[in-house]
Amino acid sequence: MSPEQVESSPMPPSGQTPLPYRLPDVTLKHYSTITNRPAHLSYFFGIFGLVPLVGLPLSVAAIILGIIGLVKVKRNPAPGANMRALVGMLLGVFEVVELLVLIGFAMFVRR
């Protein structure tokens, strides 16, 4: 900055302290798109249901929460919630079917 710009910058009158800088009112609500928590949980339960030991309970939870999330999307649309609920539900159904096929195959091979 040149000396002229420094002299012309607004300064409080002598004897007064400058006002503190106010931060803009920014909260996480402006950046968060998680307004449909059942759809979000369905998505993550569907993904984590791929883990072999915890697959069945998480996949059933993903199906149930996906249905709840889709119902909630109809009432209050949120960006991305529809796809999260659908993906979670589809992964949950896939995991349950896969587990039933594996159990059937293991029973068939055992005979």
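The values are calculated or read from the model by the stated rules, or taken from the named source; none is laboratory data. Treat the numbers as computed from the prediction; the structure is a model and nothing was measured. Neighbour counts are summed over all protein chains in view; Cβ atoms, including those assigned to glycine, are modelled from backbone coordinates with ideal geometry.
Details
- Test for Thr35: is it farther than 30 Å from Leu102 by Cα and at pLDDT below 80: no
- Residue in the stretch 52-69 that is at pLDDT below 90 and surrounded by 17 or more Cβ atoms within 10 Å (Cβ to Cβ) present: yes
- If you go through the stretch 44-76 and keep only what is in contact (Cβ under 8 Å) with a residue 24 or more places away in the chain, in contact with a Leu (Cβ under 8 Å, 6 or more places away or on another chain) and aromatic (Phe, Trp, Tyr), you end up with just Phe45.
- Comparison of Val73, Val51, Val87 shows that the only residue that is in a loop (DSSP other than H, G, I, E, B) and either aliphatic (A, V, I, L, M) or under 12 Å from Asn36 (Cα atoms) (or both) is Val51.
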